[in-house]
Amino acid sequence: MDNQDSNNYPNSSKEWKLIEKVVTGLQDEQRKARRWGIFFKLLTFAYLLFIIAVIRAPIDQAATKGVADKYAAVIQVNGVIAADQDASADNIITGLRDAFEDEKVLGVVLRINSPGGSPVQSGYIYDEIKRLKQIRDIPVYAVIMDLGASGAYYIAAAADEIYADKASLVGSIGVVGSGFGFVEAMEKFGVERRLYTSGAHKGFLDPFSPENPEEKEFWKGVLKVTHNQFIDQVRKGRGDRLKETPDMFSGLVWSGEQALEMGLIDGLSSTSALVRDKLETEDMVNFTRQPDPWEALVQKLGASIGGGFASTITSSGLQLR
């Protein structure tokens, strides 16, 4: 028995050494894997910080507060005017207030490139421009780039003067309330709509229910009231410079050259040329409110495209577009 144990001992020693070697190797591999994992996590974190830093940079890198004793404040109005967009009333009004509170600002330029949007959001901005002008009387100019239509023109009408390029698209003074009707498609596929409401007309904008002539006329009345509000604000803002025609408030859009003849704008110019001519400076500071870095990152990566598309398809609210 003792002889057998002594004979087997060398083999057992070799086995334990082999096991120890394997375990040690596994531990080394785990350490290396952890090191590489930490390295790649740090690399990813640094990459995200770099993207956020780029996003948070001002639109105009040369326009930094403090570059000159006096300068023009530029506020961008880009894209659809809506509560959840860059051109929301909250964002634009924040930039306006910051500009009017800055004693170095000689005047404000609204740099517009927008098809319009919410009449409520546009109205908020229009009213705030008028209010701020009463507190501090500095000039406010609107410069329309490619497009300044409907709700965007509503905002521009609050400015002291409006300028555009000769090929800019200007106007579209009208209101639209759009939607879809799927009643016939549902009948074709044998789909039954079950809609329960409290209130005789609560579901009158439901796209899956037949259109009611009475509700249709009611909705047209709402559109007409909103349209008249739009027209009144344009007339107040432009005054006797307007050369009204039967088509002026029909929703049509005109080139900058045509808009000038109609009194919808005051001249043909770009932002930089306007600042030089009207404010006698070449210094401009971007007062556009910058988005939250994480929100901007998501938008840059395109995650908001699907939500924006769905919102456009399903929305049945009033639009100045």
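Can you tell me which of 232, 247 is free of Cβ contacts under 8 Å to residues at least 60 places away in the same chain, more than 18 Å from residue 169 (Cβ to Cβ) and surrounded by fewer than 16 Cβ atoms within 10 Å (Cβ to Cβ)? Matching residue, one of 232, 247: 232. The set of residues in the stretch 211-226 that are without any contact (Cβ under 8 Å) to a residue 12 or more places away in the chain and among the aliphatic types (A, V, I, L, M) contains only 225.
Listed here are the residues, each with its yes/no results for (1) out of contact with any strand residue (DSSP E or B) (no Cβ under 9 Å at 6 or more places or on another chain); (2) not in a helix (DSSP H, G or I).
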site	(1), (2)
230	no, no
239	yes, no
248	no, yes
259	no, no
281	no, yes
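Any chance the stretch 293-315 includes a residue that's modelled with pLDDT of 60 or more, within 25 Å of residue 92 (Cα to Cα) and either assigned to a helix (DSSP H, G or I) or in contact with a strand residue (DSSP E or B) (Cβ under 9 Å, 6 or more places away or on another chain) (or both)? Within the stretch 293-315, none of the residues are modelled with pLDDT of 60 or more, within 25 Å of residue 92 (Cα to Cα) and either assigned to a helix (DSSP H, G or I) or in contact with a strand residue (DSSP E or B) (Cβ under 9 Å, 6 or more places away or on another chain) (or both). For the stretch 43-50, state whether one or more residues are under 30 Å from residue 105 (Cα atoms), surrounded by 10 or more Cβ atoms within 10 Å (Cβ to Cβ), modelled with pLDDT under 70 and among the aliphatic types (A, V, I, L, M). No: zero hits.
The values are calculated or read from the model by the stated rules, or taken from the named source; none is laboratory data. Computed from a prediction, not measured in an experiment: that's the story for all the values here. Please note: Cβ atoms are built from the backbone with ideal geometry, for glycine as well, and neighbour counts cover all protein chains shown.
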